[in-house]
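The values are calculated or read from the model by the stated rules, or taken from the named source; none is laboratory data. Keep in mind that this is a model prediction, so the values were computed, not measured. Virtual Cβ from ideal backbone geometry, glycine too; neighbours counted across all protein chains shown.
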């Protein structure tokens, strides 16, 4: 009993120190490689959820889910006039539009007047815009904020989700995903 | 005095700057987001479900606890659907289809959660072994 137990108790005495080192190592590792806090939609590969067309402003045309399954792919962009990163994203969306990407907008929790002002000030890359006053469409897509963008193929299947604003650096990737959805 | 002037300048900047620090919409909260359903049984069902749904914005809070607008809209969605006669389990399944099991605080039976289910038994076993050893050494 004596020798074995002595060795064991000596090892046990250092166990808390070992545990502390493990905890510190884990904390340092998490600090160095932060966790992905984005919530990814699990609707990729599924059909777009049903939603009706709702007028967003006096001068824009709206669309419903059935308009997304007419043979051509679309970029569906969730945005809002109250969303600061959306101002910068509008310019990048303009670039995508000039490359032949058809962009449909979903205006989340917006007022017609605010939205019209936003489109005038920041630019209007949208072919059609639908209003989503209670985030219903956003939740149905599995989206968790603005701006967020989905690529929907010609048969109305969601193919890709981009979380956060599309930066100029993201344009080539978005274009290639869009081509693949054709 | 300098500090006073500085804080005054900050205050002026805060008032003059129309850009909110945290982006929030200008729309009022959705109708059912902060309003109880008239039917107490339905409201109880809705509240039980809302406490088990995770807020997408303030991750770590339930939508029942969160002040985020999206959480309000989700409470509105839950209450609307409960009032329409939908079962809480089906609303939860609908949300899990969109956001994954991440959205629900109720543990599922998927393999990733197995350690969670097995942990109590494993701990009990370890405890029993420890007690047995204790008793034996005392006897010895």
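For the stretch B:112-140, the set of residues classified as touching a helix residue (DSSP H, G or I) at 6+ places or on another chain (Cβ under 9 Å) and over 30 Å from residue A:143 (Cβ atoms) consists of B:115, B:122, listed by residue number. Just one residue in the set B:114, B:94 is without any contact (Cβ under 8 Å) to a residue 24 or more places away in the chain and surrounded by 14 or more Cβ atoms within 10 Å (Cβ to Cβ); that residue is B:94.
Suppose we keep only residues that are surrounded by fewer than 10 Cβ atoms within 10 Å (Cβ to Cβ) and not in a helix (DSSP H, G or I) within the stretch A:15-52. Which one would you say is farthest from the chain's Cα centre (by Cα)? That would be A:33. Among the residues of this structure, residue B:132 does not count as one that is farther than 30 Å from residue B:54 by Cβ, modelled with pLDDT under 90 and assigned to a helix (DSSP H, G or I). Counting only helices (runs of 4 or more DSSP H) that sit completely within the stretch B:20-120, those holding 3 or more residues that are at the interface with chain A (Cβ under 9 Å from one of its Cβ atoms) correspond to B:69-83, B:88-99.
Taking the listed residues B:109, B:64, the one that is surrounded by fewer than 19 Cβ atoms within 10 Å (Cβ to Cβ), farther than 13 Å from residue A:142 by Cα and over 16 Å from the mean Cα position of the chain (by Cα) is B:109, with no other qualifying. Being touching a helix residue (DSSP H, G or I) at 6+ places or on another chain (Cβ under 9 Å) and at pLDDT 95 or above holds for only one residue in A:173, A:116, A:90, and it is A:90. Counting only strands (runs of 3 or more DSSP E) that sit completely within the stretch A:59-166, those holding 1 or more residues that are within 14 Å of chain B (Cβ to nearest Cβ), within 14 Å of the chain's Cα centre (by Cα) and touching a residue at least 12 places away in the same chain (Cβ under 8 Å) correspond to A:74-79, A:103-108, A:148-152, A:158-163.
Applying the set (1) surrounded by 15 or more Cβ atoms within 10 Å (Cβ to Cβ); (2) more than 30 Å from residue A:169 (Cβ to Cβ) to residue A:101 leaves exactly one unmet item: (2). Does the stretch B:34-53 contain any residue that is at pLDDT below 95 and closer than 20 Å to residue A:42 by Cβ? Taking every residue of the stretch B:34-53 in turn, none turns out to be at pLDDT below 95 and closer than 20 Å to residue A:42 by Cβ. The single condition among (1) away from chain B (no Cβ under 11 Å); (2) within 29 Å of residue B:54 (Cα to Cα); (3) outside any strand (DSSP E or B); (4) in contact with a strand residue (DSSP E or B) (Cβ under 6 Å, 6 or more places away or on another chain) that residue A:177 does not meet is (2). Restricting attention to the stretch A:86-110, the residues being out of contact with any strand residue (DSSP E or B) (no Cβ under 9 Å at 6 or more places or on another chain) and under 30 Å from residue B:30 (Cβ atoms) number 2.
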